[in-house]
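The values are calculated or read from the model by the stated rules, or taken from the named source; none is laboratory data. Worth saying up front: this structure is predicted, and the values here are computed from it rather than measured. When we count neighbours, we look across all protein chains shown, and the Cβ atoms used for this are built from the backbone with ideal geometry, even at glycine. Just so you know, the surface numbers come from the protein's heavy atoms only, side chains and all, with ligands and any DNA or RNA stripped out. Shrake-Rupley method; radii C 1.70, N 1.55, O 1.52, S 1.80 Å.
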Amino acid sequence: MLCFSPIGVASAQRQVAVQEGPLYRTEGSHITIWCNVSGYQEPSEQNFQWSIYLPSAPEREVQIVSTMDSSFPYAIYTQRVRSGKIYVERVQGNSALLHITDLQARDAGEYECHTPNTEDRYFGSYSAKMNLVVIPDSLQTTAIPQTLHKVEQDPLELTCEVATETFQHSHLSVAWLRQRGGEEPVEVISLSRDFVLHSSSEYAQRQSLGEVRLDKLGSTTFRLTVFHLQPSDQGEFYCEAAEWIQDPDGSWYAMTRKRSEGTVVNIQPTDNEFTVRLETEKRLYTVGDPVEFKCILEAQNIPDRYFAVSWAFNSSLIASMGPNAVPVLNSEFTHREAKGQLKVAKESDSVFVLKIYHLRQEDSGKYNCRVTEREKTVTGEFIDKESKRPKNIPIIVLPIKSSISVEVASNASVILEGENLHFSCSIRTAGRPQGRFSVIWQLVDRQNRRSNIMWLDRDGTMQPGASYWERSSFGGVQMEQVQPNSFSLGIFNSRKEDEGQYECHVTEWVRAVDGEWQIVGERRASTPISITALEMGFAVTAISRTPGVTYSDSFDLQCIIKPHYPARVPVSVTWRFQPVGTVEFHDLVTFTRDGGVQWGDRSSSFRTRTAIEKAESSNNVRLSISRASDTEAGKYQCVAELWRRNYNNTWTRLAERTSNLLEIRVLQPGEGLGVTCACSGR
């Protein structure tokens, strides 16, 4: 294990720690030795230098490798460092591992890990030492290479010799493995260094039943026994041994591993082979039809053998049945079996059946059965021998044919924003309706996004879609079942975003034999709606029909609104005035969106001599000023605002337009007069 110490504060004492020795390692192995430094301030990444003191010259330092100096190694180590056979791996800024990939006998000695000082003074230790002992790799693992031909149920015995001449106290672990072709080896059985037997999942059950054994004969012989071979045991068997030594820190380390030559075992199956086929009457059904699947087993001596059967639908388990012929159903199908809608049974020793008495549309899919031969052990337990399954049988369950058609109509295909929309959805049937209808009104917008407006389920419960919930609560969206086969939708005070394709989606439901509702048909129809935005073409122009203004004369100004909006569309108009010699406009008078008149704060001089009126047939507003004087000379401009009243009685300003400027000069009688129009309306 690596011991990582956090970087200390400035006043801490530097401390270098190295892996505790002595370590015993074998020639040719890959070794790692860790080194940590703590108690320094900066930098966070420290450097490490490794040296060795050989037993032949214990006082002489031989430099091996450094993280900061590529020229650090002595000649004896230079080539191994350059080729990557010796290197330092940084684990953290204050921790590193020395790697020696191909350990040699001459690598034995006392190793020193040194960390150069990075402070402005020396305080603490800067190196630490440990001993490495390199011992010969004396582990021997041998077995006789051979090829054996066996028959299913035959026993198999193989032996392996494992020996070592290591003087140090060590433990051995031995494992028998089986390999087929390029597949990963499978552990048959192993004896750990702590004398514990273990098998992989493929052999664990057989080991627990005593069918697979590993015995130690004498001091060096390890025998594998498989009492009843199965076809799946075919392959190459070999043994693998490892020699373990306990390091000073208490952990165990595998110094070396060796594997023996293999024995190829070929297994001839007996006449216990069996085949399975799956049959059903047809592949195409209608909702409510019955179906029966037969899983037929063909084998010799079936009554004297043990078989288990499982049924699957789209690879999901329906039911299983052991040699006792008692079916166990998956929870999803248990309630259908309890209602008498489904049955799993053993019809004879060789025929197993799955019956569904009332098919649903969701029963469409692939069905299959799997037959597993099982072997009864001397303890009365069953173990699996071999499984087989035939090809899937797909079936299609068609819905009960629906005879309905749907028609959608609307009060208009093109409307002005704010007008109401009314739709009708009529369901026509070729005969008497078979069940109930659920209806969904949907809007598909210009970006092809679909949203639910309102829907009515088959039980008569009506509910708005998520994005129409609030609008519906204020009565802005309404759905109604006018007649049993007729449904209406109303969109009140329409908005531009209501534009799109309005679709009526009708689903026909019938009650099945088991009392559950099933879909028998779906139809939909739609109609397009185009909505012209109120602000499209919205413009305002200021005009004066007064040919000339002299003192005491009257003059008229008109604010012309286009296009011609209906009276329900609220428009507010404000006349603004900039007196001669000033730079600011101020509001003179406003004809509000609700038909009121509101005078500006600085209009007192106008009010007694000014009249404002709005045409009944349009939004045009006329301003009439009598007895003109110097006070009325200046620039006039009108500003129009287009409003929309929302479903929740709030107001939204859709657009604002400003007219051109009208300049009015008031002159003494007899002087020339002109009305200047700066046509710059926006």
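Can you confirm whether E119 is among the acidic types (D, E), surrounded by fewer than 17 Cβ atoms within 10 Å (Cβ to Cβ) and under 30 Å from R223 (Cα atoms)? Spell out how you get there, then give the answer.
Numbers: among the acidic types (D, E): yes; surrounded by fewer than 17 Cβ atoms within 10 Å (Cβ to Cβ): yes; under 30 Å from R223 (Cα atoms): no.
It is false that E119 is among the acidic types (D, E), surrounded by fewer than 17 Cβ atoms within 10 Å (Cβ to Cβ) and under 30 Å from R223 (Cα atoms).
Entry remark, region 184-236: residues being in a loop (DSSP other than H, G, I, E, B), over 22 Å from T141 (Cβ atoms) and without any contact (Cβ under 8 Å) to a residue 24 or more places away in the chain number 1 in total.
Being open to solvent by 10 Å² or more (accessible area, probe 1.4 Å) and touching a Leu at 6+ places or on another chain (Cβ under 9 Å): is that true of P579 here? Criteria not met by P579. Mind listing just one residue for me: the one in region 265-299 that is part of a strand (DSSP E or B) and among the polar types (S, T, N, Q) and, of those, most open to solvent (accessible area, probe 1.4 Å)? This residue is Q268. Would you tally the residues in region 599-637 being of a type in the set (S, T, Y), open to solvent by less than 50 Å² (accessible area, probe 1.4 Å), closer than 29 Å to V569 by Cβ and part of a loop (DSSP other than H, G, I, E, B)? The qualifying residues number 2. Picking from residues in region 510-523 that are part of a strand (DSSP E or B) and open to solvent by 50 Å² or more (accessible area, probe 1.4 Å), the one that is modelled with the lowest pLDDT is R511. Summed over region 216-228, the residues that are surrounded by fewer than 14 Cβ atoms within 10 Å (Cβ to Cβ) and in contact with a Ser or Thr (Cβ under 7 Å, 6 or more places away or on another chain) give a count of 1.
Among the residues of region 6-20, those that are surrounded by 17 or more Cβ atoms within 10 Å (Cβ to Cβ) and either closer than 20 Å to E89 by Cα or at pLDDT 90 or above (or both) comprise I7, Q15, V16, A17, V18, Q19.
Determine whether region 431-453 contains at least one residue that is under 27 Å from G288 (Cα atoms), surrounded by fewer than 16 Cβ atoms within 10 Å (Cβ to Cβ) and either without any contact (Cβ under 8 Å) to a residue 40 or more places away in the chain or among the hydroxyl-bearing types (S, T, Y) (or both). Yes, region 431-453 contains at least one residue that is under 27 Å from G288 (Cα atoms), surrounded by fewer than 16 Cβ atoms within 10 Å (Cβ to Cβ) and either without any contact (Cβ under 8 Å) to a residue 40 or more places away in the chain or among the hydroxyl-bearing types (S, T, Y) (or both). Only one entry in V91, V65, V81 is open to solvent by 20 Å² or more (accessible area, probe 1.4 Å) and in a strand (DSSP E or B), namely V91. With respect to the conditions (1) assigned to a strand (DSSP E or B); (2) open to solvent by 40 Å² or more (accessible area, probe 1.4 Å); (3) of a type outside the set (F, W, Y), M130 falls short on a single one, namely (2).
Restricting R645, R653, R665 to those that are under 27 Å from A533 (Cα atoms) and surrounded by 15 or more Cβ atoms within 10 Å (Cβ to Cβ) reduces the list to R645.
Considering only strands (runs of 3 or more DSSP E) fully contained in region 378-445, which possess at least 2 residues that are over 30 Å from Y203 (Cβ atoms) and modelled with pLDDT of 90 or more? Show your work before the answer.
Details: elements: 382-388, 393-398, 404-410, 414-416, 421-429, 436-444.
Because the criterion is at least 2 residues that are over 30 Å from Y203 (Cβ atoms) and modelled with pLDDT of 90 or more, the strands (runs of 3 or more DSSP E) in region 378-445 that meet it are 393-398, 404-410, 414-416, 421-429, 436-444.
So which of Q463, Q478 is open to solvent by 80 Å² or more (accessible area, probe 1.4 Å), over 15 Å from S405 (Cα atoms) and in a strand (DSSP E or B)? Write out each step before concluding.
Details: Q463 fails: open to solvent by 80 Å² or more (accessible area, probe 1.4 Å).
Checking each option against the conditions leaves just Q478.
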